[in-house]
Amino acid sequence: MTLEITPEQGGQRLGSGAMFDRIADRYDLLNRIISLGIDGSWRRKTVRALGLGDDAHVLDVATGTADLALEIAGHAPSAHIVGLDPSEGMLAVGRKKVDRAGLTDRVSLVVGDAMSLPFEDATFDAITIAFGIRNVPDRPKGLEEMLRVTKPGGTLAILELSEPEGGVMGSLAKMHVHTIVPFVGGLLSGSQEYRYLQRSIAAFPPADQFGQIMHKAGWEVERIEPLTFGVAHLYVGRKPA
Ligand SMILES: C[S@@+](CC[C@H](N)C(=O)[O-])C[C@H]1O[C@@H](n2cnc3c(N)ncnc32)[C@H](O)[C@@H]1O
């Protein structure tokens, strides 16, 4: 299933690297405010789900400003991490953070697309992608590429936003996603881009359907876990040994 959102902004697809180039400098601040800081705990959970050995070789797809890549580096002290993203602007912000953390020997950031990963088969012990799979136009192809570059028995952890569940807290979360997020995002970024967030969440398949897409792409789906009243889901898969 692909995202049915019409191109805007000079014909460039919303959610592409070009869109993220435009908001790269404000992305981290917007992310913290919009997620009310909860994204940090979701990221930690995502990294723990990988069960990494200390010296693991990990690929973080759609790495953006490298928050998850840095989280992995902190969690597994000898791990080597490659962060990949099509947005040079996001990677430039990420590179400064990697420099500041003194991690240039273990974290490298490269330009690339999830649908055509520039790596040999069976290169990585684990793959992560946080808030990124939503933006990949051909998700099955992206998932197949991730499978190809993972070693047999290796893990995949996908963190992605979703439509919150019902109930009082779910309804409050829904209101946050549908009204406050685009309002605050639009105000702070001075652009329309953050409306894309709300619309792309609504266009993303329900968690069980996305699990089936992972399965069809060849992943053994080990766990699908709703986070914070279903505002996000963690999907954990394994490449058959
Ligand atoms: C919402 S940001 C997430 C960044 C980061 N993973 C995080 O957790 O903050 C989505 C990222 O997906 C990237 N992206 C868009 N299209 C992509 C594609 N086809 N392949 C890989 N990444 C893509 C964007 O450039 C952007 O950096």
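The values are calculated or read from the model by the stated rules, or taken from the named source; none is laboratory data. For clarity, every value in this text was computed on a predicted model and none was experimentally measured. Every residue, glycine among them, receives a Cβ derived from its backbone with ideal geometry; neighbour counts consider all protein chains shown. Calculation scope for accessible area: heavy atoms of the full protein, side chains included, ligands and nucleic acids excluded. Shrake-Rupley method; radii C 1.70, N 1.55, O 1.52, S 1.80 Å.
Please list D21, D28, D99, D85 from largest to smallest accessible area, probe radius 1.4 Å, with all protein chains kept in place. Don't jump to the answer; show the numbers that get you there.
Values: D21 70, D28 35, D99 100, D85 15 Å².
Largest to smallest exposure gives the sequence D99, D21, D28, D85.
Here the chain is treated with +1 on each Lys and Arg Cβ and -1 on each Asp and Glu Cβ, and its dipole about the Cα centre works out to around 400 debye. For the range 138-181, the set of GluC sites (Glu not before Pro) satisfying both a DSSP loop assignment and a count of at most 15 other C-beta atoms within 10 Å is given as E165. Over the chain, the fraction of Cα-Cα pairs per 10 Å bin, rounded to whole percents and listed from the shortest bin up, is 8, 33, 40, 18, 2. Toward the positive end of the charge dipole of the chain, with +1 on the Cβ of Lys and Arg and -1 on the Cβ of Asp and Glu, the farthest Cα among G167, S87, A207 is that of G167.
Just need the relative contact order of the range 18-89 here, percent rounded to a whole number, with Cα pairs under 8 Å and 6+ apart. Mind dumping the intermediate values first?
Values: 78 pairs, mean separation 25.8, N = 72.
After rounding, I find 36 percent.
Quick one: accessible area per residue over the range 17-238, 1.4 Å probe, rounded to a whole number of Å²? Don't jump to the answer; show the numbers that get you there.
Numbers: 9140 Å² over 222 residues.
Solvent-accessible surface per residue comes out at 41 Å².
With all distinct Cα pairs included, what does the Kirkwood hydrodynamic radius of the range 119-237 come out to in Å, to one decimal, could you say? Could the numbers behind the result be given before it?
On the way: mean 1/r = 0.0654 Å⁻¹.
That comes to 15.3 Å for the range 119-237.
Tell me, what % of the accessible area of the chain is carbon and sulfur with a 1.4 angstrom probe?
Details: 5800 of 10410 Å².
About 56 percent, which is the carbon plus sulfur part of the accessible surface.
Taking 8 Å as the Cα distance limit and 6 or more residues as the minimum spacing, I'd like the relative contact order of the range 17-238 as a percentage.
On the way: 415 pairs, mean separation 43.0, N = 222.
Over the range 17-238, the number comes to 19 percent.
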